[in-house]
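To keep things clear, I will list the structure first and then write my remarks on it.
The values are calculated or read from the model by the stated rules, or taken from the named source; none is laboratory data. None of these values were measured; they are calculated from a predicted model. Methodologically, a virtual Cβ is constructed for each residue, glycine included, from the backbone with ideal geometry; neighbour enumeration extends over all protein chains shown. Ligands, DNA and RNA are stripped out before the accessible areas are found, and what is left, the full protein with its side chains, is counted by its heavy atoms. Shrake-Rupley method; radii C 1.70, N 1.55, O 1.52, S 1.80 Å.
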Amino acid sequence: MIAAREPVFATTASVRRLMMVVMLTLLGELAGCAAYRPGAFSPRKGDEIVIAGQLVHTGTRVVLWLDPGGYDAYRVERRFSPLEQSSWEASHADVRDLSSPNRYNLRRNHLTDEEIERVRGGGWDLPTLQRVVDQFVLHFDVCGTSRQCFKVLQDERDLSVHFLLDLDGTIYQTLDLKERAWHATTSNSRSVGVEIANIGAYGPNEKNPFGQWYAKEPNGRTRLIIPPDLGDGGIRTKRFVGHPARPGPIRGAIQGRELVQYDFTPEQYRALIKLTATLCRVLPNIKCDYPKDAAGNVIPNKLPDSQLAQFQGVVGHFHIQSDKVDPGPAFQWDYVISHARRLLKGGETRAKSAR
């Protein structure tokens with residue numbers, strides 16, 4: 001009798017344990033549902049970028065095209081013209097260089113016909129995007145501020161870029177990274193692009209706008225000034241006073257041309273380091289590296305077509321086109337990449353100032 005009852009007792013205990021697990025699971029699910037009541041808002045941290053519809057943290061301030069004060073490259077109208085003159089029809093009539101209502105299109109490289117049909121309606125998933133994007137292209141905007149840059153791209157030139165990086169380190173995202181932005185000709189289909197606010201690089205004897213943008217402080221530091229016709233420049237940080245990471249103009253050769261340029265701000269470098277690390281982690285075909293010569297220095301000119309086709313990583317606009325020199329001789333390649341690599345390895349970056 002005892003031997004007959006023992007299995008029954010064991011089975012009953014097992015059933016009780018199973019019922020307890022089921023009850024706890026249901027309670028957990030109910031608690032989860034209670035945490036997401038209909039109409040509840042999902043909070044954001046303010047550092048997210050959008051990659052194939054997913055919000056991804058960067059650790060630095062980001063303003064999306066969805067946010068107040070953002071720049072929306074999905075819109076077909078001009079952003080800064082009078083409203084009654086901003087429609088595509090009026091814009092096309094007023095601005096000769098505007099030939100298309102859209103400033104972006106579909107990435108098609110390395111996609112099958114079936115995949116193109118799937119994603120053309122917006123149905124991108126992250127693994128597909130990870131497969132086709134393998135370059136991060138750096139530009140300087142020659143506009144000085146991100147607001148002015150977006151005005152030129154959207155209102156005047158039929159161009160677009162995924163990110164704008166302003167003087168104070170604020171990043172503006174204008175398009176989901178699934179979109180093929182128009183910023184780097186042959187690399188558009190495979191790349192993500194950023195326009196970094198900087199007035200540009202010029203030949204030593206070439207007329208330049210440095211006198212309108214930079215001034216010496218009594219302590220010898222160089223201070224950024226925004227020309228009066230640009231107002232406050234749209235800088236998001238109120239009363240922001242910017243300084244180049246290095247005080248004097250930097251000389252160097254790009255495409256065999258001797259050029260002079262003021263450096264980017266420490267705030268821009270800090271934000272770019274975090275953006276670079278984020279992109280290299282989420283889109284792993286973007287290797288955290290840049291084109292180097294045998295001595296380990298950045299290659300300062302256009303890459304041969306075969307080398308460009310094979311390169312996966314961070315590139316300058318000048319690596320893609322022989323008529324471009326951005327991001328210029330002042331850009332600190334090793335500083336950005338070394339600190340981005342440190343973040344990727346789980347360390348903290350001490351990128352308080354670039355030198």
Averaged per residue, what accessible surface does the chain expose to a 1.4 Å probe, in Å²?
52
Report the gain in length on full extension from Gln255 to Asp125: 0.36 nm times residue separation, minus Cα-Cα distance, nm rounded to one decimal.
43.0 nm
Where Rh is the Kirkwood radius over the Cα pairs of the stretch 91-146, the temperature 10 °C and the viscosity 1.306 mPa s, what D in µm²/s does Stokes-Einstein return?
109
Please list the equivalent ellipsoid semi-axes of the stretch 170-271, computed as the square roots of five times the alpha-carbon gyration tensor eigenvalues, in descending order and whole angstrom.
27, 20, 12
With Cβ to Cβ distances under 12 Å as the rule, what net charge do the other residues near Asp134 carry (K, R +1; D, E -1)?
+3
Is the C-alpha gyration tensor of the stretch 202-245 telling us rounded, prolate or oblate? Criteria: a/c under 1.5 is rounded; beyond that, a/b larger than b/c is prolate, otherwise oblate.
oblate
Which whole-number percentage describes the relative contact order of the chain, with Cα contacts under 8 Å and a sequence gap of 6 or more?
16
Which shape class applies to the stretch 263-327: rounded if a/c is under 1.5, otherwise prolate when a/b exceeds b/c and oblate if not, where a ≥ b ≥ c are the square roots of the Cα gyration tensor eigenvalues?
oblate
At a 10 angstrom cut-off on C-beta neighbours, averaged per residue, how do the peptides 145-151, 306-312 rank from highest to lowest?
145-151, 306-312
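How much length, in nm to one decimal, is gained on full extension between Glu117 and Gln212, taken as 0.36 nm per residue of separation minus their Cα-Cα distance?
Extra length from Glu117 to Gln212 when fully extended: 29.2 nm.
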Return the calculated 222 nm mean residue ellipticity for the chain, to the nearest 500 deg cm²/dmol, obtained by summing -39500 (n - 2.57) across DSSP H runs with n ≥ 4 and dividing by the residue count.
-8500 deg cm²/dmol
With Cα coordinates, the longest principal axis of the chain makes an angle with the long axis of helix 266-282, in degrees rounded to 10, of 40
Could you give the distance between the Cα centres of the stretch 257-289 and the stretch 188-219, to the whole Å?
16
Using the structure shown, list the pairs from Lys207/Lys324; Lys207/Lys238; Lys45/Lys178 with a Cα-Cα distance above 29 Å, or answer none.
Lys207/Lys238
Taking a ≥ b ≥ c as the square roots of the eigenvalues of the Cα gyration tensor, with a/c under 1.5 meaning rounded and otherwise prolate when a/b exceeds b/c and oblate if not, the stretch 222-355 is oblate
Gain in length, Asn205 to Trp88, computed as 0.36 nm per residue apart minus the alpha-carbon separation, to one decimal in nm?
38.0 nm
The chain: longest segment with zero exposed GluC sites (Glu not before Pro), where exposed means DSSP loop plus at most 13 other C-beta atoms within 10 Å, is residues 1-205
Using only the Cα atoms of the stretch 116-241, what are the Rg and Dmax in Å?
17.5, 61
So if R0 is 25 Å, what FRET efficiency would Asn109 and Lys345 give, r being the distance between their Cβ atoms, rounded to the nearest 0.05?
0.25
Write down the percent of antiparallel bridges among all DSSP beta bridges whose residues are both part of the chain, to the nearest 5.
55
Can you give the Rg/Rh ratio of the chain, where Rg is from the C-alpha atoms and Rh is the Kirkwood radius?
1.12
